Amino acid sequence: MARLEIRSLRKRFDEVDVIKGVDLEVEDREFCVFLGPSGCGKSTLLRLIAGLEDVDEGHLLLDGGDITDLPAVNRNLAMVFQSYALYPHMTVRENMSFALKLAKAEPDVIAKKVERAARILALEPLLDRKPAALSGGQRQRVAIGRAIVREPRIFLFDEPLSNLDAALRVQMRLEIARLHQELKATTIYVTHDQVEAMTLADKVVIFNAGRIEQVGSPLELYRRPANRFVASFLGMPQ
Ligand code: ADP
Ligand code: MG
């Protein structure tokens, strides 16, 4: 189980309110997409959830337990960024094993988890390569693989496809959808791309300037946009 509740969350940087009171529930196994224009606070909210930034006000609850002050390493959430941040001197296998080795997992357990993630992501033929010998899409798959082996309670994706070209982005989007079908893990996925949001999401959260404008399924948002901002952001005629 991994159900996240965000209660009256606020975050300020240098006297500027960036997250202005956010309330949201992300259900167990749900694929929840945060969609909004650049600079509206999506990454900040994700970093607050991950524990990479301190909360100013409000609470984060995971399965009812308060994690607001829990250090990032103890939250067991995994974040995938747009920059892959792979270790260049390590092979794919070593990159995917690294976090488990640090956590002192048994070698045979590590091998099993890495093989499973490699199978899911079709990385088996590439396990002994170094990142320099991989394409952009393959590198992003390794970054996702590193998250999978940790078996996190929630997957957090911050615009993971925005560095890829258009064709690869479509392919990776399908792979992420398939991944969710297979793992059925609670996922929060940040993007400013409405097509990406609408094709992947069970639930879309539309953000603007540090606030939620609307929450709903893709169909609900298209049928009943709550206001002009939502309608225009979804590319609907005014
Ligand atoms: P998004 O991911 O939606 O593009 P961000 O969460 O990155 O938006 O940023 C929201 C706002 O907060 C921006 O105005 C950004 O400049 C500001 N911001 C983000 N991180 C910091 C920081 N560490 N210090 C100061 N301002 C920040
Ligand atoms: Mg961002």
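From the list L86, L100, L121, which residue is modelled with pLDDT under 95, over 26 Å from L164 (Cβ atoms) and in contact with a helix residue (DSSP H, G or I) (Cβ under 8 Å, 6 or more places away or on another chain)?
Details: L86 fails: over 26 Å from L164 (Cβ atoms); L121 fails: over 26 Å from L164 (Cβ atoms).
None of the other options fit; the residue is L100.
Considered as a group, the residues in the range 141-178 that are in contact with a Phe, Trp or Tyr (Cβ under 6 Å, 6 or more places away or on another chain) and not aliphatic (A, V, I, L, M) include one that is nearest to L100 (Cα to Cα), and that residue is F157.
Checked against (1) surrounded by 21 or more Cβ atoms within 10 Å (Cβ to Cβ); (2) modelled with pLDDT of 95 or more, V80 meets all criteria but (2).
Per the conditions (1) surrounded by 14 or more Cβ atoms within 10 Å (Cβ to Cβ); (2) within 15 Å of ligand 1 (Cβ to nearest atom), the sole criterion not satisfied by F98 is (2).
Of everything in the range 84-105, what is among the charged types (D, E, K, R) and within 11 Å of G145 (Cβ to Cβ)? Give them in sequence order.
Initially, the range 84-105 is screened for residues among the charged types (D, E, K, R), giving 93-94, 101, 104.
R93 - this is the single residue of the range 84-105 that is among the charged types (D, E, K, R) and within 11 Å of G145 (Cβ to Cβ).
Any residue that is away from ligand 2 (no atom under 16 Å from the Cβ), at pLDDT 95 or above, within 19 Å of the chain's Cα centre (by Cα) and surrounded by fewer than 20 Cβ atoms within 10 Å (Cβ to Cβ) - is there at least one of those in the range 4-17? Within the range 4-17, one or more residues are away from ligand 2 (no atom under 16 Å from the Cβ), at pLDDT 95 or above, within 19 Å of the chain's Cα centre (by Cα) and surrounded by fewer than 20 Cβ atoms within 10 Å (Cβ to Cβ).
Between V55, V33, V16, V22, the distinction of being free of Cβ contacts under 8 Å to residues at least 60 places away in the same chain and closer than 28 Å to L161 by Cα belongs to V55 only. Looking only at residues in the range 33-63 that are within 21 Å of R173 (Cβ to Cβ) and either small (G, A, S) or more than 16 Å from ligand 2 (Cβ to nearest atom) (or both), which one is surrounded by the most Cβ atoms within 10 Å (Cβ to Cβ)? Looking at the filtered set, the residue picked out is G36. Only a single criterion out of (1) out of contact with any Lys or Arg (no Cβ under 9 Å at 6 or more places or on another chain); (2) under 29 Å from R119 (Cβ atoms) is not satisfied by V195, namely (1). Just one residue in the set D54, D23 is within 19 Å of the chain's Cα centre (by Cα), charged (D, E, K, R) and within 15 Å of ligand 1 (Cβ to nearest atom); that residue is D54. Might you let me know whether the range 96-107 holds any residue that is touching a Phe, Trp or Tyr at 6+ places or on another chain (Cβ under 8 Å) and either within 24 Å of L179 (Cβ to Cβ) or within 16 Å of ligand 2 (Cβ to nearest atom) (or both)? Yes, that holds for at least one residue. Only a single item in (1) more than 16 Å from ligand 1 (Cβ to nearest atom); (2) under 24 Å from S97 (Cα atoms) is not met by N227, and it is number (2).
R141 satisfies every condition listed in (1) out of contact with any Ser or Thr (no Cβ under 9 Å at 6 or more places or on another chain); (2) surrounded by 20 or more Cβ atoms within 10 Å (Cβ to Cβ); (3) closer than 29 Å to V18 by Cα; (4) not hydrophobic (A, V, I, L, M, F, W, C) except (3).
The values are calculated or read from the model by the stated rules, or taken from the named source; none is laboratory data. This is a predicted model, so every value here is computed, not measured. Don't worry about glycine lacking a Cβ; one is built from the backbone with ideal geometry, like all the others, and counts go over all protein chains shown.
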